[in-house]
1. Name the single residue that is nearest to the chain's Cα centre (by Cα) among those in region 101-129 being surrounded by 19 or more Cβ atoms within 10 Å (Cβ to Cβ) and assigned to a loop (DSSP other than H, G, I, E, B).
2. Could you list, in sequence order, all residues of region 1-25 that are under 20 Å from L177 (Cβ atoms) and of a type in the set (S, T, Y)?
3. Residues of region 38-62 being open to solvent by 20 Å² or more (accessible area, probe 1.4 Å), within 23 Å of E257 (Cα to Cα) and touching a residue at least 40 places away in the same chain (Cβ under 8 Å), which ones?
4. Filter region 236-266 down to the residues that are open to solvent by less than 30 Å² (accessible area, probe 1.4 Å) and at pLDDT below 85 and list them by number.
5. Residue under question is R150, and the condition is that it be basic (K, R), free of Cβ contacts under 8 Å to residues at least 40 places away in the same chain and not in a strand (DSSP E or B); does it hold?
6. Provide a single number: the residues in region 104-120 that are among the aromatic types (F, W, Y) and more than 13 Å from W155 (Cβ to Cβ).
7. Going residue by residue through region 76-84, is there one that turns out to be touching a residue at least 40 places away in the same chain (Cβ under 8 Å), of a type in the set (S, T, Y), crowded, with 21+ Cβ neighbours inside 10 Å and not in a loop (DSSP other than H, G, I, E, B)?
Amino acid sequence: MAVTLTIDLEDPTERYDANGRYVAMTRRILDLCDAQQRKATFFVVGCVSKSAPRLIEDIAAKGHEIAYHSHAHVPLTEEDPARFRRESKTDKDRLEQLSGKPVIGFRAPRFSLTPQSIWAVDALGELGFRYSSSIMPTRVSLFGFPGTSRTPFKWPNGLIELPLPVTALGNVYVPYLGGIYLYALPFWVTRCGITKADPEEILWTYTHPYDFDRDEKFTLMPHTPAWVSAVLWLSRHVAEKKITKILSLGGAPVLAEQIKTIKLPYTYS
């Protein structure tokens, strides 16, 4: 099965400097996409639209999809619903002005759409989003939404959910196509997960600009356990290689294109 490349465009330092390292690393990812002749979905934190508007314009000009990744990468479980609605509307409007296209996709920081933050589904629908890529259909981290479908489904308000791809390791379902999971697991797990995936799944790998930054000195990431910061920093030596290997297995359209053709036999209630 083909895999869509998605990027969570954020600055782990939370400074969002106009010429921060996240900008240079994003351009490195754009170069990789050009070399692989691939289009990607970029889930952009709202702060980036203020600090690096030219970067957003360049991403869109290359034919990639611009989607939304919250205002300042605050997990939904820690958000104030009224503030979320207000900031998201402003950010969505700005991203649409910069890209020249509707922004219809949303990804929750840290896949934090959980039973405790289910209020966000209605908020996203009210704001005009058509799909979300925000749940982890298992419980292997601080966040997770066990019991939901691993294939795309609709929420009652019509919002389409594209769950984080997971695969079985023994009796546990684990993510395998992105982030710390992809970098820590041997690649045969990734290959097997793709092979065993349900034909109705939409497979996507996700990465971050900082994953490609092999030259940055180690620093603790804000709001992140020290051991996770260390593993992610060490993973930078394999991230680009693993992402490239996944892309070599076959490309899929950006997520906005994929939702036009998927079958949705299940509605979460």
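1. Applying the filter and picking the extreme gives R107.
2. If the condition is that a residue be under 20 Å from L177 (Cβ atoms) and of a type in the set (S, T, Y), then T4, T6 are the ones that fit.
3. Keep residues of region 38-62 that are open to solvent by 20 Å² or more (accessible area, probe 1.4 Å), which gives 38-39, 47, 50-51, 53-54, 57-58, 61-62.
Filter once more, keeping what is within 23 Å of E257 (Cα to Cα): 38-39, 57-58, 61-62.
Passing the criteria: R38, K39, E57.
4. G250 - this is the single residue of region 236-266 that is open to solvent by less than 30 Å² (accessible area, probe 1.4 Å) and at pLDDT below 85.
5. Numbers: basic (K, R): yes; free of Cβ contacts under 8 Å to residues at least 40 places away in the same chain: no; not in a strand (DSSP E or B): yes.
Here the answer is no, as R150 does not meet what is asked.
6. Step one: list which residues in region 104-120 are among the aromatic types (F, W, Y), which gives 106, 111, 119.
Still in the list and also more than 13 Å from W155 (Cβ to Cβ): 111.
Final tally of qualifying residues: 1.
7. Filtering region 76-84 for residues touching a residue at least 40 places away in the same chain (Cβ under 8 Å) gives 76-77, 79, 81.
From what is left, the residues that are of a type in the set (S, T, Y) are 77.
Cutting the leftovers down to crowded, with 21+ Cβ neighbours inside 10 Å gives us none.
Looking through region 76-84, none of the residues is touching a residue at least 40 places away in the same chain (Cβ under 8 Å), of a type in the set (S, T, Y), crowded, with 21+ Cβ neighbours inside 10 Å and not in a loop (DSSP other than H, G, I, E, B).
Yes or no, residue by residue, for (1) within 15 Å of S133 (Cβ to Cβ); (2) within 20 Å of the chain's Cα centre (by Cα):
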{"residue": "P163", "(1), (2)": "yes, yes"}
{"residue": "V166", "(1), (2)": "yes, yes"}
{"residue": "K196", "(1), (2)": "no, no"}
{"residue": "E200", "(1), (2)": "no, yes"}
{"residue": "E216", "(1), (2)": "no, no"}
{"residue": "W233", "(1), (2)": "no, yes"}
{"residue": "G250", "(1), (2)": "no, yes"}
{"residue": "V254", "(1), (2)": "yes, yes"}
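The values are calculated or read from the model by the stated rules, or taken from the named source; none is laboratory data. Note that this is a predicted model, so its numbers are computed, not measured. No Cβ is skipped: glycine too gets one built from the backbone with ideal geometry, and neighbour counts run over all protein chains shown. Just the protein is used for accessible areas: all its heavy atoms, side chains included, with ligands, DNA and RNA removed. Shrake-Rupley method; radii C 1.70, N 1.55, O 1.52, S 1.80 Å.
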